[in-house]
Structures are given as C-alpha cells and as structure tokens.
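Down below is the structure, laid out as structure tokens.
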Amino acid sequence: MPYYVDIPVLDQQGEIVTFERKRRFACSTVGPEDAEAKAELRREEASEVEEAYWREQRALRGELIIPERVDEVRTPERKSLPEVAVELNQHNKRYVQGKVEGHRKSYRKKLDNYVNHVSSAAFAGRPMDTLRPAEIHAWFHEFMAGHSQSTSARFKKWLLRVGDWAKESDYWSANLFTRLPTISMESGEESQRVFSFREIDQMWLAANSPQLRALLVLLRCGLRQGECLALREDDILDEQTIQVRYTLTEEDNLWDDVSPSGKVTKAVQFLGPPKTTRSAAKVHIPKPWMKLVEESLRCSDYKQVRAFDDPVVSAGKPRLHRFVIGNRFGLLWDEWSASRGLKKLMERAGVVVNLNESTFHAWRHTFCSDLVALGANDIELSALMRHSDPNLSKRVYAQARHDHLQRYKRYSERIDKLTDYVEMIREMDEDRREGKWGMF
C-alpha cells in the first residue's frame, strides 16, 4: 500500500528549511522478498507521475523552468533521379534462406543500363521535385525513338517503381511517370520479318564453322532458340529424326554455380521443359543436313547443365549433357552468346536487322511462310510448327512470299507425306546455291 512521508530539507547550517513529500510503499500480506519486488514495480510505475509533480512544484517556487516543447520540423531530403534509382536498386535485394543475395547477373546488368539512361538525361543533376511533365515526356519519347517497343515498355515499368519509391520517401510530391504513354509489351514489327532467299544464302555462305552451319540447319527446320541450344546427343533418334525434350534457359535455383572469374552465383543454365506439350515432339531433319548436325556434335564437349527431371537432382548432382551447338572454342552457348553469334554472322553476310526485328524468331516466321507457299493446310502447318492452336501459325507467323512463286510449284507437286515439306525446303536451298534455279 502507498503512503507518504515528509522528509525535511536542511540548509548548510543544519537547520530545517522545508519539507519534501516522498511516496513510500508497504505490504503486509506477502513475505519480505515479494514485498520488495512489488514495491519496486510500483515505484517504477509511479516514477513519472512523481517526477511530474515535483517538477511542477519546483517551477512554482521558481527553482525550475519547464521549457516549452517544440516539435522538430523535418525538411525532406532532395535527391536527383539517378540517386533515387540507385537507392531503389540497392534496397530491392533478394533474400535466400534469410541471407541477402545480390541481383542475378542478367538482371543487374539491365538495372545498370537503366541507371545509365537516366544519368544521361539533361535533368539528371537536378532534384526530382524540380522536374516538369513536359521535359519528362520529351526525354522519354527520345528514348522510345531509339529502342524497341517492348524495351520501352520494360523501361517505363521500372520508372514507375522509381517514381513510387521517390514519392514514398518524400523526394517527389507525385509520381509523374504515371503520365507517360501506354506501351504494349508486344513488339508489333518483330513478327513481320521474313528472310528472303538471297539473305538465307548469304548467311549460309558466311557460316564458317560446323556449329554455325548446324545452328542454321536447326533454325531452317523450325526449331526455337532454346530448343536449338538444348539439343543433346541423346535427342538424335536416327539419321533423320530428333526429339525436342528441353529448352535452354536460366534458372535461379538452390545450386551454386561458379563463373570463370570464380564468383558464385545461383543463376545457372538450366534444361527446362518444352514451351508447350505440343512442342515436345519429333522433328524431321533431312539426311544431308543431319550430317552437319553430327559434325557439330563431334566439335562439342560434355558440359554440366541442370535438368528439370533429373532423378539425381535431389542428391545435388547435375547431369552431364553434350550439346550440339557450341561456340568456336567448343564451349556451351547460352542464349545471350548465341544471339550475339548469330548477329555477327548476319553482319558478315551483309544482312541488316532492324532495331525491332528478332534474329532467332525471324527464322520461325521464314519457315512458316515457306510451308504456306508449298501448300501446307492448317492441320499440316500446326503439326510442323508444333502449335497447339492451328490459327496461330497463319495469323501470326505466316507472311506472303512476293517472289519466285512459280518455282514453288515444282516442289509442291512432289510432296506426298508430312516430312516432305522440310525435304523440299532443303532442296530449294541447295538448288539455289548450286545455280539450278536458272534452269527451270
């Protein structure tokens, strides 16, 4: 129970000047140890009340002046757009099993490119609260003029995140990036590219290695980029048939992969499942062209690449795969280096690829256009393209051939079974390169 005691206050001569009132506690229902603990707890709870009481008493006596509380006014920090972008990229880290992991190499490279773009803007050195919609729109339209539609859409998506971060951090009063024009992620021009016969022949003659010639063979037969790069030795069933079982991609999984520089990363090349169930099918390769694929196979080496259905994955042991397509050193091609190698081949051949046009997927459009010119119906086209939707092939991939239409008749008249379509494409290519097209 609380009680109060008046404690005398003495001066230097020992005389009583005044009395100070102190609160004390007593308890007779528990033992000494428990009583002391309860007294200490109540003393702590009452300390603020008691302190406030005596502060007020001393202020009344003139012994203590209580200053008025002044709330601190925080001035928002002013940062430029590149500074906010770097801050966001550093904050947005991955967490793996409770540990902070950096961004994967490909994504980190993309973020660095985005930061470089905003750093090169005319307003890069100014605080974000001084930016105006007109100059932001002019800068972004200049970016769109030099980049593809899908790239501009991804860049805008990242800018929206930067603007939201700036607004939440009080660097910006409003996210002006929301006023940028709406952009579709789909590229409208990419599906229009079909290689002419002259461009096909030029690239074939410029292929100076077995790997590049085998790559052109697989592309000419309608395989996708990931399917070409994921082809294994076991996928060659016979001298005219291959089986599409995998597609090569990058996956962020539980394995540690060591780069040539010794850096450990979790983004590894990975054999994933085919694009669709219809994609996992047997593909006919003409016998003369299969010899080129096998020649490339002899130049390649075994590499450790993860497989999505590998029975020993649980033990952490990757399966060894021998890839058909490799670079000139016999090493495995990933998607980035394969795209770069194909672009270099086109440069040597004098084939110009516009900014919005694909290098690999244009071969799918070329293959589909040749099938239509040879007279393939919707069902045959869907089977050869390995599309689940028969309308997709003609609606998206097929383009009209504007030259040599009469020459197709000589080959289409000889088609008797489904695999003959690919055989006729091979004969057309070889007849052109041998100069036989001028004979009929």
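Worth a mention:
- Whole-Hz Karplus values for the range 165-174 come out as 5, 5, 5, 5, 8, 6, 7, 9, 6, 8 Hz, taken residue by residue from phi with 6.51 cos²θ - 1.76 cosθ + 1.60 and θ = phi - 60°; glycine and proline positions read x.
- Per residue, the range 344-408 exposes an accessible area of 45 Å² to a 1.4 Å probe, with every protein chain left in place.
- Sorting 414-420, 159-165, 272-278, 114-120 by their mean Cβ neighbour count within 10 Å, with the most densely packed peptide first, gives 159-165, 114-120, 272-278, 414-420.
- As a fraction of the 1.4 Å probe accessible area of the range 346-440, surface on carbon and sulfur atoms comes out at 50 percent.
- Charged neighbours of PHE177, selected by a Cβ distance under 11 Å, balance to +4 (K, R count +1; D, E count -1).
- Cross-link pairs exceeding 19 Å in C-alpha to C-alpha distance, out of LYS157/LYS343; LYS79/LYS167; LYS109/LYS157; LYS109/LYS344, comprise LYS157/LYS343; LYS109/LYS344.
- Highest-first arrangement of 232-241, 283-292, where packing means the average Cβ count within 10 Å: 283-292, 232-241
- Projected label points at ARG108 and ILE415, each 7 Å from Cα along the beta carbon direction, are separated by 5.0 nanometres.
The values are calculated or read from the model by the stated rules, or taken from the named source; none is laboratory data. Quick caveat: nothing in here was measured; it's all calculated off a predicted structure. Because the Cβ atoms are built from the backbone with ideal geometry, glycine has one as well, and the counts that use them run over all protein chains shown. All accessible areas refer to the heavy atoms of the entire protein, side chains included, with ligands and DNA or RNA removed. Shrake-Rupley method; radii C 1.70, N 1.55, O 1.52, S 1.80 Å.
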